[in-house]
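The values are calculated or read from the model by the stated rules, or taken from the named source; none is laboratory data. Everything numeric in this text was worked out from a predicted model, so none of it was measured. Cβ placement follows ideal geometry from the backbone for every residue including glycine, while neighbour counts extend to all protein chains displayed.
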Amino acid sequence: MSENVWILGIHMTPFGKRADLDVLDLAAEAALAALKDAGVTMKDMQVMGYGNLRGGTSGQSLQKQIGQTGIPSFNVSNACATGSTAMRAVIMAIKAGEADMGIAVGVEKLYGAGLLTGNSVGSGPETWTPTGRNGAIKNLDGFIGTSGMAGLFAQIGLAYNDSDPRADFELFARISEKSHSHSTLNPNAAYQNKMSLEQIMNDPMIAYPHTRSMCSANCDGAAASVIVSETKLRTLSLEQQRRAVKISASILASDPWTEASQEFADVSTVTRNAAVAAYEQAGIGPDDLDLVELHDCFAAAELVHYDNLGLCEPGGAIDFFNSGATWRDGRMPVNVSGGLQSKGHPIAATGIANIWEVATHLRGEAGPRQIQGAKAGMAHVIGLGSSCTVHILEKSGL
Amino acid sequence: MSIPIVNYLVLEPQPHLVAQECTACKAKFFGRHNACPKCFGVTFAEFEVPTTGVLKTFTIVHHDAKGVPVPYCAAVLDCGGMTVGGNIIGVDPDPEIITRGMHVQLKTYSLGTDAEGVEAIGFGFEPV
């Protein structure tokens with residue numbers, strides 16, 4: 001039996017426009033605050049996991065700003081699951097017995113990045129030249145389907161449950177209405193203004209049925225967590241033990257072969273596999289969860305993941321949402337932070353930020369948006385291509 | 001002289017798509033593979049994909065990278081049991097017109113001519 005692992009300290013910076021800070025400033029803000037929250041210093045860290053997808057920085061460059069103790073850094077790149085993958089690396093190192101404490105950091109500067117699509121097409125070539133495994137003579141985005149994320153997830157949502165016609169524009173807009181309502185209670189969210197259904201549906205269309213406010217918000221942000229072995233935790237102060245959060249399950253999976261997966265990104269099978277494995281590892285089921293933060297990079301994604309994570313009956317995500325279950329006063333609150341659509345999505349920070357949200361509720365420290373009496377929660381993240389992390393966290397009983 | 005947009009679009013005698021089929025497990029996919037992602041086999045045969053299909057899902061893209069003409073309808077199709085990605089063409093990109101379950105047919109069109117006079121041929125799917 002490998003060692004149990006716990007979150008000793010965790011922090012998420014405010015998400016939004018952080019023009020005065022560079023990538024390392026943001027990473028340092030999160031890391032130093034997580035260390036302070038844990039009541040330890042860089043001297044106690046034996047391993048680092050680091051993710052920064054677009055900024056070109058590494059764990060070593062962060063260490064030069066906050067403490068060069070010579071510890072290894074696993075610099076990971078796993079699309080939107082980068083932060084949670086960095087944390088998974090630290091968890092594995094502790095479970096393997098090679099370290100008893102480590103830190104994971106995810107950071108991104110994304111404010112004003114605009115639409116994230118495939119490559120720019122540019123002007124045509126002088127002569128058509130086949131390149132790559134498909135012998136493509138030009139960038140295929142827009143010519144053979146779309147490689148834009150808003151369109152890709154639109155297709156995933158409209159295909160839900162054998163293309164159920166009730167999965168329509170208004171349903172997805174109502175999911176975003178929930179996100180933009182929840183974030184009004186989150187002072188760290190990039191957007192904190194409530195939006196009406198009408199405002200959401202009348203926003204500029206990006207990729208039908210996703211309008212701008214139904215897409216994840218590009219912003220700056222970072223999150224960091226200090227992970228500790230249970231053996232080490234039991235040597236620390238009672239206050240540290242009381243505030244620690246148990247990592248009951250930590251799963252990282254890739255998309256397995258399915259007939260469609262090479263033509264049409266499959267975020268569902270990988271999520272289903274990761275969720276089943278997480279429930280088994282944690283020894284609890286969906287009915288035991290008090291809140292879920294799932295990867296709502298677009299409104300349509302949230303719907304399919306209700307089902308993929310087993311939060312509802314198979315095929316029942318539309319009825320489940322329509323019942324009001326996933327609102328903060330419902331029986332299974334989902335994305336009470338505002339989610340990626342309204343809290344924001346600084347790519348490599350998101351994985352740890354979702355875990356921070358759940359951990360903060362389990363500690364009873366979520367302020368006005370606190371889910372009262374929360375004892376267990378789940379954090380789910382998807383990286384397109386596709387990878388998935390699922391973490392199940394439980395309140396300390398120490 | 002003409003050249004297809006991708007090597008899995010075959011123009012003669014009639015335009016159609018060609019997939020790689022694993023000779024061991026019959027899994028199908030487009031483009032060159034080092035081994036079968038399903039069973040790890042390393043021998044492949046060519047599989048002629050039916051030119052008709054059913055629209056499984058779609059989106060209408062209004063904002064895309066610079067240079068991509070918008071709006072357009074990107075779709076995922078079932079062509080004889082194989083999942084195929086492509087645009088819906090020959091019809092307005094309007095969700096009132098394009099519906100899930102719609103039957104479609106492969107069509108080709110010109111993407112223009114390069115400096116040496118070679119015409120590039122693209123493909124899409126038209127409602128039937």
*Report those strands (runs of 3 or more DSSP E) wholly inside the range B:45-113 carrying at least 1 residues which are β-branched (Val, Ile, Thr), at pLDDT 95 or above and within 17 Å of B:ILE5 (Cβ to Cβ).*
B:82-88, B:103-113
*Does any residue of the range A:14-25 turn out to be of a type outside the set (A, V, I, L, M, F, W, C), at negative phi and in a helix (DSSP H, G or I)?*
yes
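Hey, any hits in the range A:197-215 for a residue that's more than 14 Å from every other protein chain (Cβ to nearest Cβ), part of a loop (DSSP other than H, G, I, E, B) and over 29 Å from A:GLN46 (Cβ atoms)?
Initially, the range A:197-215 is screened for residues more than 14 Å from every other protein chain (Cβ to nearest Cβ), giving A:197-200.
After this cut, where a residue has to be part of a loop (DSSP other than H, G, I, E, B) as well, the list is none.
For the range A:197-215, residues more than 14 Å from every other protein chain (Cβ to nearest Cβ), part of a loop (DSSP other than H, G, I, E, B) and over 29 Å from A:GLN46 (Cβ atoms): absent.
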*Taking only the range A:43-72 into account, find how many residues are under 18 Å from A:MET12 (Cα atoms) and hydrophobic (A, V, I, L, M, F, W, C).*
4
*Within the bounds of the range A:271-281, is there any residue that is surrounded by 20 or more Cβ atoms within 10 Å (Cβ to Cβ), part of a helix (DSSP H, G or I), of a type in the set (Val, Ile, Thr) and over 15 Å from the mean Cα position of the chain (by Cα)?*
no
_Looking at B:GLU21, B:GLU46, can you tell me which residue is more than 9 Å from every other protein chain (Cβ to nearest Cβ), acidic (Asp, Glu) and surrounded by 14 or more Cβ atoms within 10 Å (Cβ to Cβ)?_
B:GLU21
*Here are B:PRO93, B:PRO37, B:PRO4: which of them is within 11 Å of another protein chain (Cβ to nearest Cβ), touching a Cys at 6+ places or on another chain (Cβ under 7 Å) and surrounded by 15 or more Cβ atoms within 10 Å (Cβ to Cβ)?*
B:PRO93
*Is one or more of the residues making up the range A:168-176 crowded, with 22+ Cβ neighbours inside 10 Å, away from chain B (no Cβ under 14 Å) and more than 21 Å from B:TYR72 (Cα to Cα)?*
yes
*Do you know which of the residues in the range A:234-253 that are under 30 Å from A:THR271 (Cβ atoms) and of a type in the set (A, V, I, L, M, F, W, C) is farthest from the chain's Cα centre (by Cα)?*
A:ALA244
_Based on this model, can you work out whether A:ALA30 counts as under 24 Å from the mean Cα position of the chain (by Cα) and crowded, with 20+ Cβ neighbours inside 10 Å?_
yes
*Does A:ILE284 satisfy the condition of being surrounded by 18 or more Cβ atoms within 10 Å (Cβ to Cβ), touching a residue at least 24 places away in the same chain (Cβ under 8 Å) and assigned to a strand (DSSP E or B)?*
no
*asked:* Please determine whether any residue of the range A:136-151 is on the phi < 0 side of the Ramachandran plot, crowded, with 22+ Cβ neighbours inside 10 Å, aromatic (Phe, Trp, Tyr) and at the interface with another protein chain (Cβ under 7 Å from one of its Cβ atoms).
replied: yes
*Hey, among the residues in the range A:93-126 that are buried (at least 22 other Cβ atoms within 10 Å of the Cβ) and in a loop (DSSP other than H, G, I, E, B), which one's modelled with the highest pLDDT?*
A:LYS109
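For every residue, the table says whether it meets (1) more than 13 Å from every other protein chain (Cβ to nearest Cβ); (2) outside any loop (DSSP other than H, G, I, E, B).
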{"site": "A:GLY221", "(1), (2)": "yes, yes"}
{"site": "A:VAL226", "(1), (2)": "yes, yes"}
{"site": "A:LEU236", "(1), (2)": "yes, no"}
{"site": "A:GLN241", "(1), (2)": "yes, yes"}
{"site": "A:LYS246", "(1), (2)": "yes, yes"}
{"site": "A:ALA253", "(1), (2)": "yes, yes"}
{"site": "A:PRO256", "(1), (2)": "no, no"}
{"site": "A:GLN262", "(1), (2)": "no, no"}
{"site": "A:ALA265", "(1), (2)": "no, no"}
*Go through (1) β-branched (Val, Ile, Thr); (2) touching a Leu at 6+ places or on another chain (Cβ under 6 Å); (3) surrounded by fewer than 17 Cβ atoms within 10 Å (Cβ to Cβ) and name the single condition A:THR258 misses.*
(2)
_Can you find, within the range A:302-344, the residue that is surrounded by the fewest Cβ atoms within 10 Å (Cβ to Cβ) among those that are part of a loop (DSSP other than H, G, I, E, B) and of a type in the set (D, E, K, R)?_
A:ASP329
*asked:* Which pairs turn up if I take residues in the range A:18-47 that are basic (Lys, Arg) and look for partners that are part of a helix (DSSP H, G or I) and buried (at least 23 other Cβ atoms within 10 Å of the Cβ) with beta carbon separation below 8 Å, at least 6 apart in sequence or on another chain?
replied: A:ARG18/A:LEU26
*Residue check, B:PHE125 at the interface with chain A (Cβ under 10 Å from one of its Cβ atoms), part of a strand (DSSP E or B) and crowded, with 21+ Cβ neighbours inside 10 Å*: no
_Of residues in the range A:58-76 being in contact (Cβ under 8 Å) with a residue 40 or more places away in the chain and buried (at least 23 other Cβ atoms within 10 Å of the Cβ), the one farthest from A:MET87 (Cα to Cα)_ = A:LEU62
